[in-house]
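This report concerns only the one structure given below.
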Amino acid sequence: MRHKINPFQKVKYNSIFKSVLLLLSGTMFGQKIEKPNIIFILTDDMAWTDLSCYGHPFNETPNIDKLAQNGIRFTNAYACCPVSSPSRAGFLTGKYPARLQLTNFLVGDKTDPKSPVLPAKWKPYLESQEVTIAEILKQQGYSTGQVGKWHLNSKGENEMAPWGQGFDYSRCIGRNSLDYYNYSIFMDSYNKEFVDSGKNYLTDKLTEYGLEFINQNKQKPFFLYLAYSAPHVYIVPRGDKLKKYFNKYNDTGEKYNPNYAAMIESVDDGVGAIIEKLKNEGLLENTIIVFTSDNGGVGLPELGPTPTILDPLRKWKGHMYEGGIRVPAIISWPGNIPQKTICDQYFSNIDYFPTFFDILNVKELPKNVDGKSILKVLKNPRDTTFDRGAIYWHYPHFSNQLGRPAGGMRLGDYKLVQSYETNKLELYNLKKDISETKDLSKKMKKKTQEMYSIFKSWQKEVNAQMPIPNPNYKK
């Protein structure tokens, strides 16, 4: 049952944030504070290997590559879930999906009658009582904008829509969200809708809205959550971008997907347009830009030909292995963090939430935030004293990409994976074995059990909902 709450229930948080805002306004330590703009660009199902700055030999992403040159490119960034909705909820709240009990993508209901378990019970929505990053930033004097994919509630539920979760400006993808030439956009409500009739390529339209938001809010600090739907299947590119990719199809040993490459190029064009707008408005030096993905890419034929190749990572979206959860992540903040830097520190996308508020010196956050600020890493990417500690994953479901119910954790160089069907444990040293080919669980029994004990304690602490025994299962 969904719990509808009084909107004033969030006031208990807001009063705290307002008091902190008073401390931050004006001056601090004798210096005028200039709050940075924040642009968080999220792609949908983009693999860790899909960008040329990450070594891809076929896809062309010059604008994103330049963003990486002007900031920090992370090699060990993770999504908190191998599928979309939980990952997005984790970013917006700083909490693990297991704690939110939003552990599957919004319409995920796949089962396997041959499995000993059924999927865990879960909530197919982000509860309105959860405090989002946008709500806190509004208390800090920010204009807040959401553009693109939301995927955290059903139509008609205004209190759980973007405009009910702290966003002043919202251009939320509505009908036919997987069709790049036949879709709709809800504009600040379900009552006002832009309907495309095959004229506006969806990725370009989202960029257009992002530019509009910046233009309307450039006189005050702003937060833009730009969530592209690309390169999620269906693989539908703009036709004028295809020729060069077909022409070089045989230039590499692998047969990369030209349509997928063209889709990524449209995202890259959007990133370039956003950066150019910031430059022209004199805003680039005071804007934090994050570019990342909600989960791993799709490495099997789903709704068409296979989109991408994730080597050297194991598996893809929907799986607990690295291909499902390791994502590209680039952070740029000119003049405030290093440029032309590659950082190997691991972290989760739930860590953006406390990091942004660490930058703003906001001390009071909502209860049970799981993320940990990585501001220390941003200031000095080579600082070896930062200890992120354990990060966790919990996916007690069957994915559309053949993933099975499983959980896992990373602590230092080691990663534990647990099958929720068989309770089998696997242990990998990611520093030596990024492809997860050598299971060390039998060779390192003590290490395996130590990590499993930590993992079980975490599951209990967040009240992780576990798969249910299948009453019809036959061995």
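Worth pointing out:
- Breaking point among (1) within 27 Å of Leu402 (Cβ to Cβ); (2) surrounded by fewer than 19 Cβ atoms within 10 Å (Cβ to Cβ), for Asn200: (1)
- Take the conditions (1) part of a loop (DSSP other than H, G, I, E, B); (2) small (Gly, Ala, Ser); (3) under 20 Å from Ala47 (Cα atoms); Ser266 misses just one of them, which is (1).
- Positions within region 436-465 being part of a loop (DSSP other than H, G, I, E, B) and open to solvent by less than 70 Å² (accessible area, probe 1.4 Å), in sequence order: Glu436, Asp439, Leu440, Ser441, Met444, Val462, Ala464, Gln465
- Residue list for region 270-287, filter: surrounded by 17 or more Cβ atoms within 10 Å (Cβ to Cβ) and free of Cβ contacts under 8 Å to residues at least 12 places away in the same chain: none
- Pick from region 60-95, criterion part of a loop (DSSP other than H, G, I, E, B), open to solvent by 10 Å² or more (accessible area, probe 1.4 Å) and not basic (Lys, Arg), ranking: farthest from Lys243 (Cα to Cα): Asn70
- Only listed residue being of a type outside the set (D, E, K, R) and surrounded by fewer than 16 Cβ atoms within 10 Å (Cβ to Cβ), chosen from Asn472, Asn429, Asn400: Asn472
- Residue within region 372-381 that is in contact with a Cys (Cβ under 8 Å, 6 or more places away or on another chain), over 22 Å from Phe222 (Cβ atoms), assigned to a loop (DSSP other than H, G, I, E, B) and touching a residue at least 40 places away in the same chain (Cβ under 8 Å) present: yes
- Here Lys205 fulfils each of the conditions (1) outside any helix (DSSP H, G or I); (2) open to solvent by 10 Å² or more (accessible area, probe 1.4 Å) apart from (1).
- Note on region 351-371: among residues that are in contact with a strand residue (DSSP E or B) (Cβ under 8 Å, 6 or more places away or on another chain) and in a helix (DSSP H, G or I), the one that is most open to solvent (accessible area, probe 1.4 Å) is Ile359.
The values are calculated or read from the model by the stated rules, or taken from the named source; none is laboratory data. Because the structure is a prediction, the values reported are computed rather than measured. Cβ atoms come from the backbone with ideal geometry, glycine included; neighbour counts cover every protein chain shown. Accessible surface areas use protein heavy atoms only, side chains included; no ligands, DNA or RNA. Shrake-Rupley method; radii C 1.70, N 1.55, O 1.52, S 1.80 Å.
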